[in-house]
Structures are given as structure tokens and as C-alpha cells.
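The values are calculated or read from the model by the stated rules, or taken from the named source; none is laboratory data. Everything numeric here is computed off the predicted structure, so don't read it as measured data. Every residue, glycine as well, gets a Cβ built from its backbone with ideal geometry; the counts of neighbours run over all protein chains shown.
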Amino acid sequence: MTGLNNEEKDIYILAIESSCDETAAAVVKNGRNVLSNIISSQIDLHTLYGGVVPEIASRKHIEKINQVIEEALKAADVTMEDIDAIAVTYGPGLVGALLVGVSAAKALAFATGKPLVGVHHIEGHISANYIENPELEPPFMSLVVSGGHSHLVVVKDYGEYEIIGRTRDDAAGEAFDKVARAIGLGYPGGPKIDRVSKEGNPEAIKFPRAKVGENVYDFSFSGLKSAVLNYLNGCQMKGEEVCVPDVAASFQKAVTDVLVEHAIHGAKEYGFTKLAIAGGVASNSSLRAAMQAACDKEGIQFYHPSPVYCTDNAAMIGVAGYYEYMKGARHGWDLNAVPNLKLGER
């Protein structure tokens with residue numbers, strides 16, 4: 001299957017994303033051309049609580065979902081008559097949040113008679129790489145790093161994936177949030193640690209890099225998180241001042257080293273010359289720079305989405321939805337939210 005629609009008729013996908021704390025809608029043309037990408041973020045609201053509160057997220061999605069859909073259609077200068085299919089994230093994610101998007105998509109599909117296509121959230125993150133890289137087509141290796149996921153994935157074809165590595169405990173983004181809270185930076189942790197790290201010395205503190213014996217591609221970040229907490233407690237007991245930028249930079253480098261090492265090792269072992277990163281942590285400047293340097297050294301082409309397409313958005317769901325639609329994927333009115341949906345499941 002080629003990366004672009006070869007038929008004369010353009011295909012327009014209306015996409016909806018509500019898996020966590022962003023209510024989003026987008027219109028995507030022919031799988032690569034984003035005509036609109038509307039995101040209503042709840043970050044300021046959840047910052048008050050130090051993290052995402054599922055019940056509040058769900059209520060906010062209900063308030064915003066119709067608004068972002070209407071805005072997406074208007075910004076793309078299309079109507080529902082122009083839309084060929086409605087794509088929606090149905091998992092994984094927060095069940096209440098997912099249900100808002102799925103319910104809205106089903107209602108729209110029922111009212112308009114348009115096909116309904118359920119999309120896996122992680123497939124959406126991987127597909128974000130297609131938006132700004134028209135030459136990128138499967139197969140390739142992809143590292144998916146976000147608040148809930150740390151996966152090393154072989155992208156065999158559009159919609160066909162094999163996970164060769166995953167986290168055994170905390171996801172990378174989760175570790176960022178917990179460490180940021182511990183050193184007083186607050187939520188969301190990723191961007192704040194990234195910013196503060198620029199003022200610190202990444203070699204100041206030697207934090208551990210965990211290796212999982214049974215699978216060299218698996219990740220583990222709970223030990224690193226504990227090492228940071230132990231370091232902070234040690235400083236407190238000794239009455240020593242904590243240099244927050246140094247802790248942040250040293251922690252960030254420990255995470256980055258592991259992510260880069262596993263991704264490069266996987267790409268080389270599987271014979272790929274293309275490596276893409278995806279997910280919220282993929283917007284981290286240190287990770288992007290380290291991965292670029294490692295790929296340059298190994299002769300691997302490195303792909304990454306712009307930051308707006310790394311965090312949760314509907315454009316990536318529209319891209320993934322297009323390829324699912326072109327492969328014949330259709331869902332019925334029994335489509336439901338699946339909070340623990342595995343990549344590759346239908």
C-alpha cells in the first residue's frame with residue numbers, strides 16, 4: 001500500500017481525540033494533509049491538582065467536544081457532506097474521557113450515515129510522523145514515549161505493528177512527572193524538567209540506567225525514580241542544598257540514554273535505516289538532540305513530529321484513521337471505549 005491516495009477522489013477524515021486531558025478534532029485530507037487541528041487543553045485546570053483528575057477531564061470533554069468539532073470543520077472550510085469517514089480514538093486512555101469522544105463520533109456517524117473508524121491512540125502517535133515527512137513509509141522502527149507508554153515498535157505496514165520492547169513499570173513520561181513533583185517543579189513534569197535542565201549539569205549526579213535481563217528492548221524507570229528520591233532524601237538528612245537544575249539534567253540524561261540506546265540497538269538489529277519517535281516525551285529537546293546525534297553516527301534517517309503533533313491531538317488520529325479506512329476498517333454502533341487496548345488489537 002502506498003503512502004498517498006491514488007484515487008482521483010480526495011478522502012476527507014474528521015478525527016476526534018479525547019483519551020486524556022485534551023479535547024481535539026481535526027480534518028485530514030488524503031492521510032497527510034492536515035486542514036485543521038483544534039485542541040482544547042485542560043493542562044491549567046489539572047495543574048491545580050498536580051496531575052490529571054479523570055472525572056474532571058471527562059466533564060470538560062463533554063463541555064468542549066461539540067465546540068472543537070464545529071471549529072475543526074470551519075477551519076478546514078468543509079462541511080459534514082464533504083467528510084468521507086469519522087475516526088475516533090477508542091483506546092487506550094481514561095475510560096470516561098474516551099467515552100465522550102466515542103459517543104460523539106458514533107452520534108455523528110449515525111446522524112450523517114458516514115463510516116465510523118476506531119483508532120488506537122498509539123497508532124495515532126506513530127502516524128503523526130507521516131504529516132510532515134511525505135517520504136516516510138513503512139517499514140521502520142518507532143520509539144513511542146508518553147505519559148502512559150514506553151514502546152519500541154516495528155512498524156511493518158500501515159496498521160501493522162509488532163511491539164518488541166515495553167516498560168516493565170513506569171512509562172518515561174510518568175517518571176518525568178513524578179520526579180518533577182519531587183523536586184518542586186510541579187505538573188506537567190516533562191516540559192518543566194526539559195526547561196530547567198538547560199541550566200544544569202547532566203553529569204553532576206550518576207543516576208542508574210536499568211537493564212531488563214529477559215528482553216534487551218524493555219524499559220524500566222521505577223529504579224531511576226527511586227534513585228532520585230533517595231538522593232533528595234540523602235541531601236535533606238545531611239542538610240545539603242539540592243541543585244534542582246543538576247538533578248533535573250542528570251535525571252533527564254539517564255532517561256534519554258536508555259531510550260536512545262534501546263531504539264538504536266533495535267533499529268540496527270532489525271536492519272532498519274529509518275527511526276521515528278512519537279508521543280509527548282518525543283518533544284523533549286534533549287531526547288531529540290541525542291537521538292539525532294546517534295542516528296547520524298549510525299547512518300539512520302531520523303524522523304520526529306513537530307511538538308504540536310507529539311502531544312495528544314486529533315490530526316494524528318485522522319492520519320491513522322485514513323490508512324485504516326483505506327484498508328477497509330469499519331466499526332459498528334457497538335464500538336466502545338477500551339482503556340487498556342493493546343496495539344494491534346481490533
Q. Which helices (runs of 4 or more DSSP H) does the range 96-195 wholly contain that include 3 or more residues that are out of contact with any strand residue (DSSP E or B) (no Cβ under 7 Å at 6 or more places or on another chain) and over 28 Å from VAL34 (Cα atoms)?
A. 172-182
Q: Inspect the range 311-318 for any residue being in contact with an Asp or Glu (Cβ under 6 Å, 6 or more places away or on another chain) and at pLDDT below 95 and give the result as yes or no.
A: yes
Q. Here is a list of conditions, (1) crowded, with 24+ Cβ neighbours inside 10 Å; (2) more than 22 Å from LEU14 (Cα to Cα); (3) of a type outside the set (Lys, Arg), and PRO305 meets all of them except one; can you say which number that is?
A. (2)
Q. Can you tell me how many residues in the range 272-286 are surrounded by 15 or more Cβ atoms within 10 Å (Cβ to Cβ) and either among the basic types (Lys, Arg) or at pLDDT 95 or above (or both)?
A. 6
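Considering ALA282, ALA314, ALA254, which residue is aliphatic (A, V, I, L, M) and over 27 Å from GLU199 (Cα atoms)?
Values: ALA282 fails: over 27 Å from GLU199 (Cα atoms); ALA254 fails: over 27 Å from GLU199 (Cα atoms).
Of the residues listed, the single one that is aliphatic (A, V, I, L, M) and over 27 Å from GLU199 (Cα atoms) is ALA314.
Anything in the range 211-232 that is of a type in the set (Phe, Trp, Tyr) and either at pLDDT below 90 or crowded, with 21+ Cβ neighbours inside 10 Å (or both)? List them, or say none.
In the first step, residues of the range 211-232 are kept if they are of a type in the set (Phe, Trp, Tyr); the result is 217, 219, 221, 231.
Answer for the range 211-232, where residues must be of a type in the set (Phe, Trp, Tyr) and either at pLDDT below 90 or crowded, with 21+ Cβ neighbours inside 10 Å (or both): PHE219, PHE221.
Going residue by residue through the range 310-328, is there one that turns out to be over 16 Å from the mean Cα position of the chain (by Cα) and without any contact (Cβ under 8 Å) to a residue 60 or more places away in the chain?
Among the residues of the range 310-328, at least one is over 16 Å from the mean Cα position of the chain (by Cα) and without any contact (Cβ under 8 Å) to a residue 60 or more places away in the chain, which makes the answer yes.
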Q.
Being touching a helix residue (DSSP H, G or I) at 6+ places or on another chain (Cβ under 6 Å) and either crowded, with 19+ Cβ neighbours inside 10 Å or outside the structural domain of TYR161 (by TED's automatic domain parsing) (or both) is the requirement here; does ILE86 meet it?
A. yes
Q: Starting from the range 173-186, keep only residues that are assigned by TED's automatic domain parsing to the domain that holds VAL242 and at positive phi, then list their pairs with residues that are modelled with pLDDT under 90 and surrounded by fewer than 22 Cβ atoms within 10 Å (Cβ to Cβ) whose Cβ atoms are within a distance under 7 Å, requiring at least 6 positions of separation or different chains.
A: GLY186/THR47; GLY186/GLY50
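Out of curiosity, is GLY344 at positive phi, surrounded by fewer than 19 Cβ atoms within 10 Å (Cβ to Cβ), in a loop (DSSP other than H, G, I, E, B) and outside the structural domain of LYS178 (by TED's automatic domain parsing)?
Numbers: at positive phi: yes; surrounded by fewer than 19 Cβ atoms within 10 Å (Cβ to Cβ): yes; in a loop (DSSP other than H, G, I, E, B): yes; outside the structural domain of LYS178 (by TED's automatic domain parsing): yes.
So GLY344 fits the description; yes.
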**Q.** Of all residues in the range 110-131 being crowded, with 24+ Cβ neighbours inside 10 Å and aliphatic (A, V, I, L, M), the one that is farthest from GLU162 (Cα to Cα)
**A.** VAL117
Q. Which fully enclosed helices (runs of 4 or more DSSP H) of the range 222-317 have 2 or more residues being over 15 Å from MET141 (Cα atoms) and of a type in the set (Lys, Arg)?
A. 222-238, 285-298
(Q) If GLU269 satisfies all but one of (1) surrounded by fewer than 19 Cβ atoms within 10 Å (Cβ to Cβ); (2) in contact with a strand residue (DSSP E or B) (Cβ under 6 Å, 6 or more places away or on another chain); (3) under 16 Å from VAL153 (Cβ atoms), what's the number of the condition it fails? (A) (2)
Q | the range 176-210 - residue that is farther than 15 Å from THR256 by Cα and of a type in the set (Val, Ile, Thr) and, of those, surrounded by the fewest Cβ atoms within 10 Å (Cβ to Cβ) | A | VAL196
